[in-house]
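Please read the structure below before turning to the comments.
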Protein chains: 2
Amino acid sequence: MDEFDLINTYFGRAAVGSDVLLGIGDDCAVVCPPEGRQLVMSIDTMVDGVHFPKGTAAERIGVRVMCAALSDLAAMGARAHWFTLALTLPDPDPEWVAAFADGLFSIANRYECSLIGGDTTRGPLCITVQVHGSVEPGKALRRAGARPDDIIYVTGNLGDGAAALAVIEKKLTVSTGVFSYLLKRFYAPTPRILEGEMLVGTASAAIDVSDGLYADLGKICEASGVGAMVDVGRLPISEHWRKYTSEDRAQEWALTGGDDYQLCFTVPREHVGKLESWIRDGRIVATAIGKITHKHELLLVKNGKPFELERRGYNHFG
Amino acid sequence: MDEFDLINTYFGRAAVGSDVLLGIGDDCAVVCPPEGRQLVMSIDTMVDGVHFPKGTAAERIGVRVMCAALSDLAAMGARAHWFTLALTLPDPDPEWVAAFADGLFSIANRYECSLIGGDTTRGPLCITVQVHGSVEPGKALRRAGARPDDIIYVTGNLGDGAAALAVIEKKLTVSTGVFSYLLKRFYAPTPRILEGEMLVGTASAAIDVSDGLYADLGKICEASGVGAMVDVGRLPISEHWRKYTSEDRAQEWALTGGDDYQLCFTVPREHVGKLESWIRDGRIVATAIGKITHKHELLLVKNGKPFELERRGYNHFG
């Protein structure tokens, strides 16, 4: 099976919308940009043994790479449209590629994101996905919009990614049921696309938590020229694994573990009532964890005292 | 130097047009699509030791990866706008990254293509570039438009890529001057963006020659449901290296060598006069090498006899 057969067989079945004038199979894809909207795009790479353990099942890799890519669109409040895939493989094992494509499309199709192009090359396993979405003009959720006194929220739970990694690396032992919950959270983190779109016009800033809350909230603060105070006791941590470790360790993971792919966002006081009513009505799962401050520092507080971190979040070259 | 410093220091200086509302530094880039035009995009990966020899100077890699990516836009007749970069590096050597960025921007700036986002990860050296351009609605040059009796042209010379590789791999010995010409052609192949835009409305189909003319013209034929006859004696081959090898070998390289990044395009009879006048006036460097036929085969003819190939073009998994 050569490069061209590989693409045709496993990626040719991509679901494609009417906005795609030319998909896979030419030198470029041609698309019609959605009228009256701005384009939003992001490129993400995952490397074997760095972003997922060596030997990870191909379907899981496909799911995870797509979830992580869509998470960046979610952080901008964007609607997903198209993606391209650069797949570098040591050898074109058809079974591996079929399973990878299954995983990839299971997520892409759910968010109506069409594969429109790609490149297949031989080399060490490495996957790059570029996603494209759109927003109403001027409405993208940026990192730079947080203002002092805004309330800081996060969607879902934090620390699942770090707990999952601890289990995978055999540093934490949990029940079979919890193991299965954590594996799902690690390999198939829900991209918060729906939440992101809902927050347009309500949140003042947003980011997806991929390097750990402490690092990522720090990026909102830096971009906005503000600081933040986080009440560590309010961090949302899943009851599933909470009891298998100490409270301090669980909170440390919630603050510094990567791979959660939740949204961290800030809400100005005038919109807090609306957001809290959405939470009460179950329209969004989110928790207030602190507030934005004037002072250029990220303060962690637990029971009224400063909370010290052992490490400060994932950095690829740190 | 960590991931964030790396990006800010070497890629933060990207020249950015007024259509870029948000460039590097957020979860996504935000751009304004050019009004009344369709978007054209392509993703390309180059792997250390596969697409360039191990140990290649960083600046050369930067130049080459950008030239190759822009070549795909050229093949569609598109104007370049933006690109994103996924850079996987074994270690973040600042000198390497600075030289790589110099090479990359030297080409990107020439074609007014703005870096708007990226991802830097640790792993085996691997570079993915996604380029975005635009065309007038319905005007993209596709592979599928060739019709019987159309004349087949190529820009510039063919076989330079293969000759360069032969020299780099010490399978061919040439003079210092010719060596320097070939290295330039290999590492800095001119993306035929200007020629591509000029051919919109004149060419019926186009492709960039990256896997060898035989393979790439074959893709035009397959997509268009036609065949082709190529007069091997008319293939444009550079006088620089022609004399260092046999005529048959030179023609073989022109047909099957990859990495030339010339355009191969077809022109309907009614536009041939116009194209020939452009060639005479020096507005485009191109050579007629054959014609499109009804029969679904790619026929190579030399002095009235069939020409047999030893190999048939680059295939990553062939």
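Some points to look at:
- Selection count, the stretch B:49-81, where residues are more than 12 Å from the chain's Cα centre (by Cα) and either charged (D, E, K, R) or part of a strand (DSSP E or B) (or both): 7
- Only residues that are within 10 Å of chain B (Cβ to nearest Cβ) and either surrounded by fewer than 24 Cβ atoms within 10 Å (Cβ to Cβ) or of a type in the set (Asp, Glu) (or both) were counted in the stretch A:68-81, giving 1.
- In the stretch A:124-138, the residues that are closer than 15 Å to residue A:85 by Cβ and either of a type outside the set (A, V, I, L, M) or touching a Pro at 6+ places or on another chain (Cβ under 8 Å) (or both): A:125, A:126, A:128, A:130, A:132
- Every residue from the stretch A:8-41 that is of a type in the set (Asp, Glu) and over 28 Å from residue A:139 (Cβ atoms): A:26, A:27
- Among the residues listed as B:114, B:134, B:180, the single one being among the hydroxyl-bearing types (Ser, Thr, Tyr) and touching a Gly at 6+ places or on another chain (Cβ under 7 Å): B:114
- Within the stretch A:254-282, the set of residues being touching a helix residue (DSSP H, G or I) at 6+ places or on another chain (Cβ under 7 Å) and surrounded by fewer than 22 Cβ atoms within 10 Å (Cβ to Cβ) comprises A:256, A:258.
- Test: residue in the stretch B:178-190 that is surrounded by 24 or more Cβ atoms within 10 Å (Cβ to Cβ) and out of contact with any Asp or Glu (no Cβ under 9 Å at 6 or more places or on another chain): no
- Screening residue A:190 against (1) of a type in the set (Val, Ile, Thr); (2) within 14 Å of residue A:263 (Cα to Cα); (3) within 14 Å of chain B (Cβ to nearest Cβ) leaves a single unmet condition, (3).
- Some residue of the stretch B:150-164 being in a loop (DSSP other than H, G, I, E, B), in contact with a strand residue (DSSP E or B) (Cβ under 9 Å, 6 or more places away or on another chain) and within 14 Å of chain A (Cβ to nearest Cβ): no
- Where helices (runs of 4 or more DSSP H) fall wholly inside the stretch B:186-275, the ranges with 3 or more residues that are touching a strand residue (DSSP E or B) at 6+ places or on another chain (Cβ under 8 Å) are B:193-199, B:213-224.
- Among the conditions (1) assigned to a loop (DSSP other than H, G, I, E, B); (2) touching a Phe, Trp or Tyr at 6+ places or on another chain (Cβ under 6 Å), the only one that residue B:288 does not satisfy is (1).
- Within the stretch B:13-25, none of the residues are within 26 Å of residue A:125 (Cβ to Cβ), at pLDDT below 95 and crowded, with 19+ Cβ neighbours inside 10 Å.
- Filter pass, residue A:116 being within 14 Å of chain B (Cβ to nearest Cβ), hydrophobic (A, V, I, L, M, F, W, C), touching a strand residue (DSSP E or B) at 6+ places or on another chain (Cβ under 7 Å) and assigned to a strand (DSSP E or B): yes
- Within the stretch B:191-210, considering residues that are of a type in the set (Asp, Glu) and surrounded by 23 or more Cβ atoms within 10 Å (Cβ to Cβ), the one farthest from residue B:282 (Cα to Cα): B:208
- The single residue among B:211, B:248 that is touching a residue at least 12 places away in the same chain (Cβ under 8 Å) and either in the same structural domain as residue B:65 (by TED's automatic domain parsing) or of a type in the set (Asp, Glu) (or both) turns out to be B:211.
- Residue B:21 being within 13 Å of chain A (Cβ to nearest Cβ), in contact with a strand residue (DSSP E or B) (Cβ under 6 Å, 6 or more places away or on another chain) and in contact (Cβ under 8 Å) with a residue 24 or more places away in the chain: no
- Lone unmet requirement of (1) surrounded by fewer than 24 Cβ atoms within 10 Å (Cβ to Cβ); (2) under 24 Å from residue B:23 (Cα atoms) for residue A:243: (2)
- Restricting the stretch B:30-48 to residues that are more than 7 Å from chain A (Cβ to nearest Cβ), touching a residue at least 24 places away in the same chain (Cβ under 8 Å) and assigned to a loop (DSSP other than H, G, I, E, B), the residue that is surrounded by the fewest Cβ atoms within 10 Å (Cβ to Cβ): B:36
- Residue check for residue B:55: among the small types (Gly, Ala, Ser) and closer than 30 Å to residue B:200 by Cα: no
- Count of the stretch B:82-113 residues which are assigned to a loop (DSSP other than H, G, I, E, B) and either within 11 Å of chain A (Cβ to nearest Cβ) or more than 23 Å from the chain's Cα centre (by Cα) (or both): 4
One line per residue, one yes/no per condition, for (1) surrounded by fewer than 20 Cβ atoms within 10 Å (Cβ to Cβ); (2) assigned by TED's automatic domain parsing to the domain that holds residue B:22:
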residue	(1), (2)
B:114	no, yes
B:117	no, yes
B:126	no, yes
B:147	yes, no
B:154	no, no
B:157	no, no
B:160	no, no
B:165	yes, no
B:170	yes, no
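- Looking across the stretch B:61-87, the residues that are aliphatic (A, V, I, L, M) and without any contact (Cβ under 8 Å) to a residue 60 or more places away in the chain come down to B:86, B:87.
- Number of residues in the stretch A:88-133 that are touching a residue at least 40 places away in the same chain (Cβ under 8 Å), of a type outside the set (Val, Ile, Thr) and closer than 19 Å to residue B:120 by Cβ equals 4.
The values are calculated or read from the model by the stated rules, or taken from the named source; none is laboratory data. The structure presented is a predicted model; accordingly, all values stated were derived computationally and were not measured. Every residue, glycine as well, gets a Cβ built from its backbone with ideal geometry; the counts of neighbours run over all protein chains shown.
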